[in-house]
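A.B. asks: This structure is in structure tokens; I'll ask about it shortly.
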Amino acid sequence: MPTLTDLLQSIQEAPVGLSLIDLLGKHRDLARRTAQRWISQLIEEGRIVAVGKGRARRYRAVRTDEMSFLAEKNVFPRHIPLSADSVDVLAYVDQPTEARKPVGYQRDFVEAYQPNRTWYLSEPLRRQLRKMGDTGQARLPAGTYGRAILDRFLIDLSWASSQLEGNTYTRLDTRELILQGKVAHGKAAIETQMILNHKAAIELLVENADRAGFNRYTLLNLHSALSENLLPNPADEGRLRQHTVEIAKSVYKPLTLPAQIGEVLDIVLEKANRIDDPFEQSFFVMVHLPYLQPFADINKRTSRLAANLPLIQANLCPLTFIGVPEQAYSRAILGVYELTRVELLRDLYLWAYERSTQEYLAIKQNQTEPDPLRLAYRDVIKETIHEVVMHPDQDPLDVIRRNVKKKADGIDSKNLESILVDELRRLHEGVLARYALRSSEFARWQKRHVDEEMARLSSDLLSGTLQFKT
């Protein structure tokens, strides 16, 4: 089924826009009422505009020169449900800066938080989030689901997170850059670099999901990946902030002394590591990393990717920030900066996560479910098949059993042996690259084992004939 993202992508790819009839023609499985609702939402978010009236009405993507005008309107999207507390936060941050009280970093905000006793996300809310994000792979090794959806995840999070920073790459542009290395025409170099940095940082998280944690090593290297070639002083890449920073359109003043920044960061990381629930852990770092501003720049981007680490490790659906309006996100962060209140950001987090899971559930419905055991042991399977073929003088079953015993959990060993035997039976020229094999190597192994099989059959036949005669 098409998604809101697919609808937006179609509009972005049409320079003169598309009518409702055009869109329904492109997405034949999309209901008319759903298309109309999504169009209204995209207009409200300032991502598309309507041109013309009646049958001539068309919808096109917002141009760069129109964005500043739309930003001035700065209307908080009405389709994002807000609690009464969030409305209160919004009313405060919507005041002119001169009407808001200047405030500095409040250290007791983090010090008062007690992991697994203090909760930013209530128990019913955490239960709701888990139900939305459950992929059915909770018991598999950390990062299994993230690796399975990596290509889509790279595109979605790189695109959506970059959009929150004003990047004008479309989703299609992002896809072509990430998958094909094709730079979008007419885009600034800084936008291309931003997308590529997101890709590198996401890969870092997914590839190291089984051993990464909330520590300085992980955080500094995550920031380094996101900030490569984007900071005025390259020495600030992956390094804690050494100077004062100003927050645009805010009366909040972060800590200034490097020693204090490092000390408080260690407190934040220590508390984050002790949180058991992956959603609470995710939200905690989304709150406290931007609030501390530990880096010279690119703090919010770092927090958005770091917030995905607990979800990746628990094999939950990721938080991609698709569809999150910049004006909603910036105000929610202001509520943390200026009031140390998390309600508005919490409501946005819940809404954004629901949107993300809907995108991935739609993908799941159109795909064959991967075999979890094949996914978990994909490297063992590749290595074992390679070893079997490269050693034609050894009995394949002996090689399989030896590798399974060495590298697989005892509970999975019999099933994994069966998978490997099946893989060997299906081996043909069209899949050799998967196992890093050449045609000549496969041919040599095949000839050896075909000859052996023929000899065995001849022996069995002769034995059977003699037995019959006696």
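The values are calculated or read from the model by the stated rules, or taken from the named source; none is laboratory data. Because the structure is a prediction, the values reported are computed rather than measured. Cβ: placed from backbone, ideal geometry, glycine included. Neighbour counts: every protein chain shown.
A.B. asks: Kindly provide the set of residues from segment 10-20 that are farther than 14 Å from Ala50 by Cα and at pLDDT 90 or above, ordered by number. Can you show your working first?
C.D. replies: Kept after step one, since they are farther than 14 Å from Ala50 by Cα, are these residues of segment 10-20: 10, 13.
The answer is Ser10, and nothing else.
A.B. asks: Which helices (runs of 4 or more DSSP H) sit wholly inside segment 251-325 and have at least 2 residues that are touching an Asp or Glu at 6+ places or on another chain (Cβ under 7 Å) and not small (Gly, Ala, Ser)? Spell out the reasoning first.
C.D. replies: Numbers: elements: 258-274, 278-292, 299-306, 309-313.
By residue number, no helices (runs of 4 or more DSSP H) qualify.
A.B. asks: Give me the pairs, please: first residue somewhere in segment 204-216 and assigned by TED's automatic domain parsing to the domain that holds Ser158 and touching a residue at least 12 places away in the same chain (Cβ under 8 Å), second residue anywhere and assigned to a loop (DSSP other than H, G, I, E, B) and surrounded by 21 or more Cβ atoms within 10 Å (Cβ to Cβ), beta-carbon distance under 7 Å, and either six or more positions apart or on two chains.
C.D. replies: From residues that are assigned by TED's automatic domain parsing to the domain that holds Ser158 and touching a residue at least 12 places away in the same chain (Cβ under 8 Å), the pairs are Leu205/Ala212; Leu205/Asn308; Val206/Gly143; Ala209/Gly143; Asp210/Gly143.
A.B. asks: Scan segment 41-91 for residues that are at pLDDT 85 or above and either at positive phi or of a type in the set (S, T, N, Q) (or both) and report the count.
C.D. replies: Residues flagged as at pLDDT 85 or above and either at positive phi or of a type in the set (S, T, N, Q) (or both) within segment 41-91 amount to 2.
Residue-wise test of (1) small (Gly, Ala, Ser); (2) touching a strand residue (DSSP E or B) at 6+ places or on another chain (Cβ under 9 Å); (3) closer than 24 Å to Glu359 by Cβ; (4) surrounded by fewer than 14 Cβ atoms within 10 Å (Cβ to Cβ).
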residue	(1), (2), (3), (4)
Val93	no, no, no, no
Ala112	yes, no, no, yes
Tyr120	no, no, no, no
Ala138	yes, yes, yes, yes
Phe153	no, no, yes, no
Leu164	no, no, yes, no
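A.B. asks: Name the residue, out of Gln114, Gln137, that is over 18 Å from Thr320 (Cα atoms), modelled with pLDDT under 95 and either among the basic types (Lys, Arg) or assigned to a loop (DSSP other than H, G, I, E, B) (or both). Show your work before the answer.
C.D. replies: Numbers: Gln114 fails: modelled with pLDDT under 95.
After ruling out the rest, the residue left standing is Gln137.
A.B. asks: Turning to a different aspect of this structure: Quick one: Gly335 ticks every box in (1) farther than 30 Å from Tyr113 by Cα; (2) in a helix (DSSP H, G or I); (3) small (Gly, Ala, Ser); (4) not assigned by TED's automatic domain parsing to the domain that holds Phe442 bar one, so which box is it?
C.D. replies: (1)
A.B. asks: Scanning segment 111-136 for residues that are among the basic types (Lys, Arg) and touching a helix residue (DSSP H, G or I) at 6+ places or on another chain (Cβ under 8 Å), which turns out farthest from Gln260 (Cα to Cα)?
C.D. replies: Here is the first cut: in segment 111-136, the residues among the basic types (Lys, Arg) are 117, 126-127, 130-131.
In the following step, the residues that additionally are touching a helix residue (DSSP H, G or I) at 6+ places or on another chain (Cβ under 8 Å) were identified as 126, 130.
Numbers: Arg126: 32, Arg130: 36 Å.
Restricting to residues being among the basic types (Lys, Arg) and touching a helix residue (DSSP H, G or I) at 6+ places or on another chain (Cβ under 8 Å), the top hit is Arg130.
A.B. asks: Any residue in segment 212-219 that is surrounded by 21 or more Cβ atoms within 10 Å (Cβ to Cβ), part of a loop (DSSP other than H, G, I, E, B) and modelled with pLDDT of 95 or more?
C.D. replies: Yes, because at least one residue in segment 212-219 is surrounded by 21 or more Cβ atoms within 10 Å (Cβ to Cβ), part of a loop (DSSP other than H, G, I, E, B) and modelled with pLDDT of 95 or more.
A.B. asks: Ok, one more. So Leu172 ticks every box in (1) assigned to a helix (DSSP H, G or I); (2) at pLDDT below 95; (3) farther than 29 Å from Leu7 by Cβ but one. Which box is left unticked?
C.D. replies: (3)
A.B. asks: Scan segment 396-409 for residues that are of a type outside the set (A, V, I, L, M), surrounded by 13 or more Cβ atoms within 10 Å (Cβ to Cβ) and at pLDDT 85 or above and jot them down.
C.D. replies: At the first step, the residues of segment 396-409 found to be of a type outside the set (A, V, I, L, M) are 396, 398, 401-403, 405-407, 409.
Imposing the further condition that a residue be surrounded by 13 or more Cβ atoms within 10 Å (Cβ to Cβ) reduces the set to 396, 401-403, 407.
Within segment 396-409, Pro396, Arg401, Arg402, Asn403 meet the criteria.
Each row is one residue, and each column tells you yes or no for (1) within 18 Å of Asp6 (Cβ to Cβ); (2) modelled with pLDDT under 95; (3) under 15 Å from the mean Cα position of the chain (by Cα).
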position	(1), (2), (3)
Arg304	no, no, yes
Ala307	no, no, yes
Glu338	no, no, no
Arg341	no, no, no
Asn366	yes, yes, no
